[in-house]
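Read the structure below first, then the notes.
The values are calculated or read from the model by the stated rules, or taken from the named source; none is laboratory data. Worth saying up front: this structure is predicted, and the values here are computed from it rather than measured. A quick note on method: Cβ atoms are made from the backbone with ideal geometry, for glycine too, and the neighbour counts reach across all protein chains shown. When the accessible area is computed, the model is the full protein with side chains, heavy atoms only, and any ligands, DNA or RNA have been set aside. Shrake-Rupley method; radii C 1.70, N 1.55, O 1.52, S 1.80 Å.
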Amino acid sequence: MSAVIGQVLRPWRTGRLWPSLVHVVLDLPVGVVAFVPTAVLLGATLGAAIVVPLAVLTLVLLLVWTDVVGTVERSRAGALLDVHLDDPVPRLPGGSVWNRFKAGVTERARWKQVAYSVLRLPVGAVLFAIVVGAWAWSLAMAALPAYVTALPQDTAQLGVAGIGQGPAAVAASVLGVVGVVAVAPWLSVTAAAVDRSLARWLLGPSSEAVMAARAARAESGRVAALDAAAAERRRIERDLHDGAQQRLVALAMDLGAARERLETDVEGGKVLVAEAHEEAKAALRELRDLVRGIHPVILEDRGLDAALSAVVARSPVPVELSIELPERPPEPVESTAYFVVSEALANVTRHAHATRARVSIARSGDTLIVEVRDDGVGGADPDRGTGLQGLRDRVVGLGGTMDVLSPAGGPTTVLVELPCAS
């Protein structure tokens with residue numbers, strides 16, 4: 001029973017009811033605004049077909065107008081229906097005016113926008129009538145006992161039947177409550193689903209274009225991942241050569257000198273052994289730091305919160321850390337988020353001249369969102385070798401996105417989105 005009730009009330013629980021209702025209510029006025037100029041320009045184009053210059057002018061105006069409609073409607077669908085559509089209309093090519101005109105009028109996506117502008121009014125009018133009628137009828141019936149006595153003859157006329165006071169009004173009120181709680185909400189989200197399908201069909205890219213874009217992103221991600229792996233390998237080799245390897249060479253030399261000194265000068269040999277001991281400890285520290293840079297043990301054992309708390313504690317710039325994760329993300333995503341924050345905070349320390357920073361990590365659906373913000377001088381550029389380009393390659397390799405907003409004078413925000421569907 002609880003499952004059935006939950007299913008009946010699902011439009012209320014998902015949080016999509018009110019945005020869906022607003023979208024459907026706007027369908028009628030938006031449809032009128034889209035349809036009237038489209039119909040006028042389309043009729044003028046067809047009517048002026050024998051006057052070529054006039055027909056060309058009205059055709060261009062038609063395509064420009066429906067392009068505006070498509071842009072607005074993609075934005076409205078993204079805001080209210082949670083469906084994000086890329087603009088399928090390509091840029092006009094260079095060259096002569098004729099080539100640009102020919103490319104524009106032969107582009108299928110433009111004519112799909114014309115079709116959408118024409119269909120928006122009839123489809124929107126039907127959906128508007130159904131949804132608004134359902135809400136109005138349900139609310140009117142639910143409140144019927146409160147105002148039935150104010151109606152002529154104390155009766156509400158519903159077609160050939162009349163509902164007066166007493167049990168009939170109570171029964172009508174119960175039906176109205178059912179309509180408000182279940183019927184009207186389900187009609188609203190269903191109508192919004194129709195709008196969503198119409199927008200995807202006529203305003204979004206074709207399935208072939210979507211597949212091509214996915215293939216291009218996958219190839220780009222593969223190349224970026226290979227580049228990031230190569231850069232990481234070079235960094236490890238450089239750190240080993242310039243750090244731990246040099247210390248180990250010095251340690252071997254100190255131990256050799258100490259062995260020779262101990263035969264003739266015990267005290268001097270002890271001093272050299274002590275220096276070699278310190279050199280060995282320094283080499284161990286560098287090796288630990290190097291291993292931590294590859295994959296911190298605390299991250300694997302205790303997760304992002306504990307690992308980044310350690311990073312924040314070591315930062316000379318005060319950092320506010322906020323992590324809201326119901327569960328641990330997949331290991332590659334978790335590792336990438338760790339290195340994004342570590343490198344971003346290192347840049348804050350080295351370059352930003354900031355007095356404070358904030359790190360926020362949260363999950364939204366199947367996306368992990370990482371934001372690092374500081375109040376420094378700004379001007380961060382991933383192309384200037386601050387380590388951000390390597391992070392971007394790592395993020396893109398996982399299919400994510402990374403944006404750096406850093407105007408001169410600050411503040412700087414590094415925003416990363418990583419897919420983490422599990």
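Given R₀ = 51 Å, FRET efficiency for Leu54-Trp201 by Cβ-Cβ distance, to 0.05?
The pair Leu54/Trp201 has a calculated efficiency of 0.95.
Could you state how much accessible area Ile130 has, in square angstrom rounded to the nearest 10, with a 1.4 Å probe and all protein chains kept in place?
80
Can you sort Leu388, Leu41, Leu26 by 1.4 Å-probe accessible area, starting with the largest?
Leu26, Leu41, Leu388
Would you mind calculating the gained length between Leu248 and Ser75 on full extension (0.36 nm times residue separation, minus the Cα-Cα distance), in nm to one decimal?
56.2 nm
For segment 51-201, what is the accessible area per residue in Å² when the probe is 1.4 Å?
54
Using a 1.4 angstrom probe on the protein heavy atoms only, line up Ser2, Ser96 by accessible area, largest first.
Ser2, Ser96
Using a Förster distance of 60 angstrom, determine the FRET efficiency expected from the C-beta separation of Ala39 and Leu284, and round it to 0.05. Please list the in-between numbers first.
Numbers: r = 79 Å, r/R0 = 1.32.
E between Ala39 and Leu284, to the nearest 0.05, is 0.15.
I need the calculated FRET efficiency for the pair Phe101 and Leu405, taking r as the beta carbon distance and R₀ as 35 Å, to the nearest 0.05. Working shown, then result.
Numbers: r = 38 Å, r/R0 = 1.10.
Step by step, r from the Cβ atoms, then E = 0.35.
In nanometres, what is the gap between the two model label sites at Leu255 and Val273, each 7 Å from Cα along Cα-to-Cβ?
1.3
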